[in-house]
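The values are calculated or read from the model by the stated rules, or taken from the named source; none is laboratory data. Bear in mind that the values here come from a model prediction, so they are computed numbers and not experimental data. Note that we place each Cβ from the backbone using ideal geometry, even for glycine, and neighbour counts take in every protein chain shown.
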Amino acid sequence: MKITQTPLVILNFKTYIESTGEKALQLARALEEVSEETGISMVAAPQGADLWRLSQEVKIPVLAQHIDPVEAGGHTGSMLLECAKEAGAAGTLINHSEQRMQLADIETVIRKTNAEGMNTVVCTNNILTSAAAAALNPDFVAIEPPELIGSGIPVSQAEPEIVEGSVAAIKDINPDVRVLCGAGISTGDDMKAALELGSEGVLLASGIIMAPDPKQALLDLVSKI
Ligand SMILES: O=C(CO)COP(=O)(O)O
């Protein structure tokens, strides 16, 4: 089912110990509680091995962090779309800077995932790649300058022009694509700035996962919306 409600918070669990296994479930429950308490749409993107457990335990959508552009058959170590779907994934991140893909493969995964009615979130690194991604008809484009990822320096404050420019370029090519931004996002001011720049939500990781109290960090994140 397509995610329609914005503003939107997608938490990329990556492969931190603090967001793995039992701790991934605790984090997903925090997302679910904050979503229920605030009415803000929240989504978890755990590692593949945690997809099934989280999709069964929480009501918020869960996304795969990556899907390989392969058909069913002889592929070792790949993540097959159909497997992620049966594990309860509502969609997938695509082309994250930590899992870069070729253009043809990005197109394949967007097309196959959209055909299943699942959500497609393509990650980009600048205005030009954001415009290119929009032409492939994903549901979301998440602009994340790699140099700010994990830095604690929020893109919405450090490089606002890349967010504004990506929104304009994307909407010029495909008005239906919704824009998220990420990299260094952690506070309510960061989220407020992101929305003021024209994005409809954020894609984030360490600012929440590494917080002493992730649930309180999520409440702070959406406190100024
Ligand atoms: O890569 C990111 C989300 O996909 C951003 O990571 P940080 O929130 O840790 O900067």
Say whether the condition of being surrounded by fewer than 24 Cβ atoms within 10 Å (Cβ to Cβ) and within 16 Å of the ligand (Cβ to nearest atom) is met by at least one residue in the stretch 66-78.
yes
Residue pairs qualifying under the 8 Å Cβ cut-off, at least six apart or on distinct chains, with the first in the stretch 195-212 being among the hydroxyl-bearing types (Ser, Thr, Tyr) and the second being more than 8 Å from the ligand (Cβ to nearest atom) and in a loop (DSSP other than H, G, I, E, B), are Ser206/Tyr16
Note on the stretch 11-57: residues in contact with a Leu (Cβ under 9 Å, 6 or more places away or on another chain), over 14 Å from Ser206 (Cβ atoms) and aliphatic (A, V, I, L, M) are Ala24, Leu25, Ala28, Ala30, Leu31, Val34, Ile40, Met42, Val43, Ala44, Leu51, Leu54
Can you give me the number of residues within the stretch 36-53 that are within 15 Å of Gln5 (Cα to Cα) and part of a loop (DSSP other than H, G, I, E, B)?
2
Taking Gln56 and the conditions (1) away from the ligand (no atom under 16 Å from the Cβ); (2) surrounded by fewer than 15 Cβ atoms within 10 Å (Cβ to Cβ); (3) in a loop (DSSP other than H, G, I, E, B), which numbered condition does it fall short on, given that it satisfies the others?
(3)
Unique match (being among the polar types (S, T, N, Q) and within 16 Å of the ligand (Cβ to nearest atom)) among Thr38, Thr92
Thr92
Give the residue that is surrounded by the fewest Cβ atoms within 10 Å (Cβ to Cβ), with candidates limited to residues of the stretch 106-152 that are part of a strand (DSSP E or B) and out of contact with any helix residue (DSSP H, G or I) (no Cβ under 6 Å at 6 or more places or on another chain).
Asn119
Cβ pairs under 6 Å, 6+ apart or interchain, first in the stretch 61-82 and among the small types (Gly, Ala, Ser), second outside any loop (DSSP other than H, G, I, E, B), ordered by first then second residue, are Ala64/Ala84; Ala64/Thr92
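Any residue that is in contact with a Phe, Trp or Tyr (Cβ under 9 Å, 6 or more places away or on another chain), modelled with pLDDT of 95 or more, surrounded by 17 or more Cβ atoms within 10 Å (Cβ to Cβ) and of a type outside the set (A, V, I, L, M) - is there at least one of those in the stretch 153-175?
The answer is no, given that none of the residues of the stretch 153-175 is in contact with a Phe, Trp or Tyr (Cβ under 9 Å, 6 or more places away or on another chain), modelled with pLDDT of 95 or more, surrounded by 17 or more Cβ atoms within 10 Å (Cβ to Cβ) and of a type outside the set (A, V, I, L, M).
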Could you please find all residues in the stretch 1-23 being away from the ligand (no atom under 15 Å from the Cβ) and either surrounded by 21 or more Cβ atoms within 10 Å (Cβ to Cβ) or at pLDDT 95 or above (or both)?
Ile3, Pro7, Thr20, Gly21, Glu22, Lys23
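With respect to Ser156, is the statement that it is in contact with a Ser or Thr (Cβ under 9 Å, 6 or more places away or on another chain), among the polar types (S, T, N, Q) and more than 25 Å from Ala84 (Cβ to Cβ) true?
yes
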Taking Lys171, is it under 24 Å from Ala89 (Cβ atoms), away from the ligand (no atom under 16 Å from the Cβ), more than 14 Å from the chain's Cα centre (by Cα) and assigned to a helix (DSSP H, G or I)?
no
